[in-house]
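Only one structure is covered here, and it is reproduced in the block below.
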Amino acid sequence: MKKYKPTSPGRRHRVDIDKSKLSKKGPEKKLSSGVKEKAGRSGGKISVRHKGSRVKRKFRNIDFKRKKRSIPGEVVSLEYDPNRSAHIALIKYADGEKNYIIAPHGLEVGEKIVAGEDVEVKRGNAMPLANVPLGEEVHNVELHPGGGGQMVRSAGTSARVIAKPGKYVHLKMPSGEVRKVLSSCYATVGGVSNPDWENKNWGKAGRKRHLGIRPTVRGSAMAPDAHPHGGGEGRTGEGMPSPKTPWGKKTRGKKTRKRKHTDKYIVKDRREKK
């Protein structure tokens, strides 16, 4: 972590990630593209609340599928990605092709990695879950074989292989949920880079605005015609048994999960006590 001298109110409490090991050059031209912001106002009306007016950025095309199978690659550079919390790694393969992947924690420039069926179980290598030993940490986990990594991609996260009954592998997710995933699905060995992300202190509201995050106002601070919690003299509470959204929908205890057909893959709910 990197701390700053209190030369201004915004710097007094600012704590940043140390990026001294990251490449200072821009993204690989062939692996990046422009990205259009879709949040904020559309036709003068707010289409997405609390978002908008962020700084320009390039989108890095990440190889979540690890499609270069059985071809060794070398880590050319570790880079910052403004579109995600984790760092990314630029890989140059033996055939000359380059790709970005999510950088595993502890990966160094110059290391060799490979993806395939029969590869060594080491940090950065990708393989089917069936070949990952029990107790090993993995990330960038596929939900469907060949679909690319969809789970465990945020900074500092990892899932652990805890059982292998039949054609499924039981993974303990970062949330505490135990989930069944097909053993033929690919995953990358190790945890995700940048675990200190959660210790970051932005220091001032302006840095959040650069990310496109706009202020959030409490409903109880609004007028009664703007929010169900609004109105009252002085500082008042919600004034109702259950808090509501600005559109009057109840929120306390309401479950938002809609894909009930996938409940059969959940072995242990994340809300269950240990």
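The values are calculated or read from the model by the stated rules, or taken from the named source; none is laboratory data. Because the structure is a prediction, the values reported are computed rather than measured. FYI the Cβ positions are ideal-geometry reconstructions off the backbone, even for glycines, and counts take in every protein chain you see. Protein only, heavy atoms only, side chains kept; ligands, DNA and RNA dropped before computing areas. Shrake-Rupley method; radii C 1.70, N 1.55, O 1.52, S 1.80 Å.
Values computed for the structure shown
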read-out: Only listed residue being in contact (Cβ under 8 Å) with a residue 12 or more places away in the chain and charged (D, E, K, R), chosen from Arg41, Arg66; value: Arg66
read-out: Segment 82-97: number of residues that are under 24 Å from Lys56 (Cβ atoms) and surrounded by fewer than 15 Cβ atoms within 10 Å (Cβ to Cβ); value: 1
read-out: Qualifying positions in segment 159-176 - open to solvent by less than 30 Å² (accessible area, probe 1.4 Å) and in a loop (DSSP other than H, G, I, E, B); value: Met173, Gly176
read-out: Residue among Gly232, Gly253, Gly248, Gly237 that alone is on the phi > 0 side of the Ramachandran plot, over 31 Å from the mean Cα position of the chain (by Cα) and assigned to a loop (DSSP other than H, G, I, E, B); value: Gly232
read-out: Hits in segment 126-141 (condition: in contact with a strand residue (DSSP E or B) (Cβ under 6 Å, 6 or more places away or on another chain) and either in contact (Cβ under 8 Å) with a residue 60 or more places away in the chain or not in a strand (DSSP E or B) (or both)); value: Ala126, Leu129, Val132, Leu134, Glu136, Asn140
read-out: First in segment 232-258 and under 19 Å from Val217 (Cα atoms), second anywhere and of a type in the set (Asp, Glu) and open to solvent by less than 80 Å² (accessible area, probe 1.4 Å), Cβ under 9 Å, 6 or more apart; value: Lys244/Glu238
read-out: Single match in Gly149, Gly156, Gly135 (criterion: open to solvent by less than 60 Å² (accessible area, probe 1.4 Å) and closer than 20 Å to Pro72 by Cα); value: Gly149
read-out: Count of residues meeting criterion [open to solvent by less than 70 Å² (accessible area, probe 1.4 Å), over 25 Å from Val109 (Cβ atoms) and among the small types (Gly, Ala, Ser)] in segment 1-46; value: 6
